[in-house]
Amino acid sequence: MSDTVLLDAGFAYPEVKVVLAAMRGRDWAAVRAVLDAAGPVGRSTLIRAASEEYGQEEFLRHVLAEDPDDTAAAAMLGMHLIDIGWRIRSDARAQHVSGGQFEAFHDWLRRAEMVLLEGVARGPADPALWVARLTSARGLELGLDETRRRYRKLAAIDPHHLPGQNAYLQRLCPKWSGDWPMLHAWCRAEMLAAPPGAVQAVLVVDGHIEHWAELGESANLGYLRSKPVRDEIDEAAQRSVRHPDFGRDYGWVQVASSFAMIYSVLGDRAAAGAMFDMLGDLGTEVPWCYVGDGNAAQQIRAYRQRARRRGRVVG
Amino acid sequence: MISKFEVGGIPGLIVPTTGSMQAGLGFRVGFVDEPLARRGITHLIEHLALHSVGVADYHYNGATGVEFTRFHMQGVEKDVVAFLNGVCAALRDLPMSRLAVEKEVLHAEAHGRNAPVSEPMWLWRHGARDYGAGAYPEWGLPGITEDDLRAWVDRFFTKENAVLWVAGEKVPAGLELDLPSGTRQPLPPPSSALPSTPACFGGSAGLVAWDTVVPRSPATSVFADVLERMLFRELRQESGLSYAAQTDHRPLGRDSVVITAVADSLPENSGAVLGGMVDVLAALRAGRVDPADVTAMIGKRVAGLRHSDEVAARLPIQALGLLAGREVCDVEEQIAGLTAVTAADVAAVAADAWANGLVMSPSRADHAGFTIAPQESVAKVDGTAFPALPGATALLVVGAEGISLVEENLLTVRFDECVLMRAWPDGGRQLIGADGTVIWAEPTLHRAGRAAIAKIDAAVPGELVVAEAARAPEQIPQPRATAADRSDRVAGIQGMVLFGVLTLVFGGFAALLLVAFLTGTEDRGPLLAIASLCALAAAGGGHGVRRARYRMRYGSRPIER
């Protein structure tokens, strides 16, 4: 039984490591080779992962100057600028962010918007651009109508694009001026629209995790335990992690990790254990950072041990 | 085929048509020439001139526009000749007895007029002068005198500043067109009120508009058509966000055109309409122009040009263009120019168009690269400060250079840039700067307000002042005195009674104890302490009475100092 927790996407999806290595070597052709071979969701995931590395702006601007039609570079640069801004803003709730921080945050997001606007103008069918545009729209508080327009553009290209759905889900949360009924209805509709066994069921679970986190953890296990919510969580599990068609496509770790987290919190050790089994050493920062002290690796370790101590898990 | 001719020194264009004759006389004068303090003078002259030739049975009219003013008529030859000669005679001798009545008529016309939705954009782009003047009401009318009218006619309604057009078999006989002599009046260069472009400013709910100024060329009109087609597809057909998504293009000066795009929406969708519109503009700028769209739009335009009615309909534009120095362009020439336009030409126009763009939208467009247009002035003038009265909020500063109003933002109108001051008998003044800044100076809202107004009146040149009719008392702004609502008044009265009683009781006690202190012989220490406490409570009560009285009068806002 291992005590290891691997949160980096590179452990779940080996291509991430290849892309990161190529980026560090400033070898754009090698980056593109991996991106071009990936499916749309994989491509967006890889672009996102690479954009989180520090100090990419100059290199990516250079790539774009060489070929303004390279929308992979535009998406990565856009994401990268958003990321810089978000680090300045920090993940704190709005009332804990200073005016100066907000100004700098918005300034970086506007720079990202300009890159993404030009990218979409040249290649409107690249889903990675729209994923980035959904994130910057949220940060700039552009209004639900514009964010919805962007989501619909993405959905017209790829109706089940989990990275974009993750971004849109955040926008529907009340902390970003959305509301719960709208969010839960959308999550369930997206799950049902996707084929059985698809990763979209995680949206239902993530929606409830957000709701629960907003209510305040300790006092409100009642929310997650209420029958309608519990039923929806189980229905989502049946449609995804417990479905024979649930595969190992991009996003699967996020799905299993969210289920592991919600079942752990609910105290359903058997269900949680099955998820930890599926994950092995793998895990994700979100949503585990919502639990306890926010140290995801530690929380995963603790809950995993608890689930295994019951001896219900084969392994 | 358009041919040129001349009558009495006035150049003309004729195009052969069948059916009844259409003819018109145009002048190079319009809103663009009107200082704001005389805004409406051209329209007033047009009305007075037409009054003299008024014949109800015929199809005739006049129109005052941004750059040109025209009189036109459709009918049999002799009536057309009589009309045009009549207009010229009337211009020489305007029926001044009609002045007051026609001013009233113009007020009524303005009231019923449907202003173009993009009108505020002229103001934001150019300010309160030349190409921005048309966005303002005819504020000059009250002050326009007979002498003003004569001087305006002498300057603008002259032979050298006129053009004629005829759609008919031949140039009609008997045209006299007896106009005074003068000089051709060039169009003023367009002013700019925008420090940088692309820019944006806030507009009303449910409407997103964009405009730009680009050089005139066949590619420009094709760009406007392609843009409309793409906006319609994007905003109406694909997303259902807009009902109407249209573009329009009209000449500006000799060599430029203004292209305007307007899209409506539900108020809650205007952010998405803005997003869709910006995406379309950026796609065109980036060169993603569908050659099929270009071909289709050229085809449509060419078909329109070949239609004979269209030739006659476009004749006035061609003729007026002569006054702006534009060459006459025959149909075949226009068609040849249009058919040569490529997708790359359209993309080149789009890049230019983007750079000069101005967006009017309820939601901000700064994230898309549009700088927010200035909403306040840069510097405050030095001068005497007239603070706000209790219940008012703005500080008025009047200096030798101009005036400033300091509230949440700063507004300044310098006297040397003031284009109009509207003056009401009650002392209210509205000053408008060339850049479009508006300051209301109201004597009722400032300490020593009368003195402030007197200083302003002494500084603003008389020709910029338009005297307005008296305002109704309820239109004269007052400090928040009248703004206290019922609940404030009730709470204020209650507070005054409560604190009043408190003051009387403790004040009385304090007085009695003081008397006891002065006359008494026993232990005087505690007596003095209690008397002081009572006096303190009475003072507190007095303060409470003041606050309550303030609340009763001005509402629950704290006193501004």
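The values are calculated or read from the model by the stated rules, or taken from the named source; none is laboratory data. Keep in mind that what you see is a predicted model, and the values were worked out from it rather than measured. Neighbour counts run over all protein chains shown; Cβ positions are idealised from the backbone, glycine included.
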Inset, instruction - Could you check, for the range A:43-64, whether at least one of its residues is within 14 Å of chain B (Cβ to nearest Cβ) and within 22 Å of A:Met114 (Cβ to Cβ)? - result: yes
Inset, instruction - Residues being of a type outside the set (D, E, K, R), within 21 Å of A:Leu154 (Cα to Cα), within 14 Å of chain B (Cβ to nearest Cβ) and crowded, with 21+ Cβ neighbours inside 10 Å: count how many of those fall in the range A:65-118. - result: 10
Inset, instruction - Just need a number here: residues in the range B:358-383 that are farther than 21 Å from B:Ser265 by Cα and more than 14 Å from chain A (Cβ to nearest Cβ). - result: 11
Inset, instruction - Inspect the range B:277-291 for any residue being more than 14 Å from every other protein chain (Cβ to nearest Cβ) and in contact (Cβ under 8 Å) with a residue 24 or more places away in the chain and give the result as yes or no. - result: yes
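Could you check how many residues of the range B:193-241 are free of Cβ contacts under 8 Å to residues at least 24 places away in the same chain and either away from chain A (no Cβ under 14 Å) or within 15 Å of B:Leu123 (Cα to Cα) (or both)?
Applying the first criterion (free of Cβ contacts under 8 Å to residues at least 24 places away in the same chain) to the range B:193-241 yields B:232-233, B:236-238, B:240.
Then drop every residue that is not either away from chain A (no Cβ under 14 Å) or within 15 Å of B:Leu123 (Cα to Cα) (or both), which leaves B:232.
Within the range B:193-241, residues that are free of Cβ contacts under 8 Å to residues at least 24 places away in the same chain and either away from chain A (no Cβ under 14 Å) or within 15 Å of B:Leu123 (Cα to Cα) (or both) number 1.
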Inset, instruction - Identify all residues within the range A:120-132 that are part of a helix (DSSP H, G or I) and either over 22 Å from the mean Cα position of the chain (by Cα) or more than 9 Å from chain B (Cβ to nearest Cβ) (or both); write none if there are none. - result: A:Ala121, A:Arg122, A:Pro127, A:Ala128, A:Leu129, A:Trp130, A:Val131, A:Ala132
Inset, instruction - Tell me, please, whether a residue that is of a type in the set (Phe, Trp, Tyr), at pLDDT 95 or above, within 30 Å of A:Gln95 (Cα to Cα) and not assigned by TED's automatic domain parsing to the domain that holds A:Glu285 can be found in the range A:156-178. - result: yes
Legend entry - Members of the range B:365-402 that are within 21 Å of the chain's Cα centre (by Cα) and either in a loop (DSSP other than H, G, I, E, B) or crowded, with 21+ Cβ neighbours inside 10 Å (or both): B:Ala373, B:Pro374, B:Gln375, B:Glu376, B:Ser377
Legend entry - Single condition B:Ala353 does not satisfy, out of (1) in contact with a helix residue (DSSP H, G or I) (Cβ under 6 Å, 6 or more places away or on another chain); (2) within 14 Å of chain A (Cβ to nearest Cβ): (1)
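This table checks each residue for (1) modelled with pLDDT under 95; (2) hydrophobic (A, V, I, L, M, F, W, C).
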position: B:Leu358; (1), (2): no, yes
position: B:Gln375; (1), (2): yes, no
position: B:Val378; (1), (2): yes, yes
position: B:Val381; (1), (2): no, yes
position: B:Phe386; (1), (2): no, yes
position: B:Gly399; (1), (2): no, no
position: B:Glu408; (1), (2): yes, no
position: B:Leu411; (1), (2): no, yes
Inset, instruction - Name, by its number, the condition in (1) at pLDDT below 85; (2) assigned to a loop (DSSP other than H, G, I, E, B) that does not hold for B:Ala491. - result: (2)
Inset, instruction - Answer with yes or no whether B:Ala343 is over 27 Å from the mean Cα position of the chain (by Cα) and farther than 19 Å from B:Arg216 by Cβ. - result: yes
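Quick test for you: out of B:Pro316, B:Pro362, pick the one residue that is touching a His at 6+ places or on another chain (Cβ under 9 Å) and outside the structural domain of B:Ala454 (by TED's automatic domain parsing). Can you show your working first?
Details: B:Pro362 fails: touching a His at 6+ places or on another chain (Cβ under 9 Å).
None of the other options fit; the residue is B:Pro316.
Any residue that is within 10 Å of chain A (Cβ to nearest Cβ), in contact (Cβ under 8 Å) with a residue 24 or more places away in the chain and assigned to a helix (DSSP H, G or I) - is there at least one of those in the range B:299-308?
The first filter runs over the range B:299-308 and keeps only residues within 10 Å of chain A (Cβ to nearest Cβ), leaving none.
Within the range B:299-308 (the criterion being within 10 Å of chain A (Cβ to nearest Cβ), in contact (Cβ under 8 Å) with a residue 24 or more places away in the chain and assigned to a helix (DSSP H, G or I)), the answer is no, since none of the residues qualifies.
Working carefully through the options A:Leu172, A:Leu140, find the one that is farther than 21 Å from A:Arg43 by Cβ, away from chain B (no Cβ under 14 Å) and surrounded by 20 or more Cβ atoms within 10 Å (Cβ to Cβ). Step through it out loud before you land on a result.
On the way: A:Leu140 fails: away from chain B (no Cβ under 14 Å).
Selected residue: A:Leu172, the only one of A:Leu172, A:Leu140 that is farther than 21 Å from A:Arg43 by Cβ, away from chain B (no Cβ under 14 Å) and surrounded by 20 or more Cβ atoms within 10 Å (Cβ to Cβ).
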Inset, instruction - Please verify whether the range A:196-213 includes one or more residues that are under 15 Å from the mean Cα position of the chain (by Cα), more than 14 Å from every other protein chain (Cβ to nearest Cβ) and among the acidic types (Asp, Glu). - result: yes
Inset, instruction - Quick one: which residue in A:Asp206, A:Asp234 is part of a helix (DSSP H, G or I), at pLDDT 95 or above and in contact with a Pro (Cβ under 8 Å, 6 or more places away or on another chain)? - result: A:Asp206
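Do we have B:Ala261 as touching a residue at least 24 places away in the same chain (Cβ under 8 Å), more than 14 Å from chain A (Cβ to nearest Cβ) and touching a His at 6+ places or on another chain (Cβ under 8 Å) here?
Details: touching a residue at least 24 places away in the same chain (Cβ under 8 Å): yes; more than 14 Å from chain A (Cβ to nearest Cβ): yes; touching a His at 6+ places or on another chain (Cβ under 8 Å): no.
So B:Ala261 does not fit the description; no.
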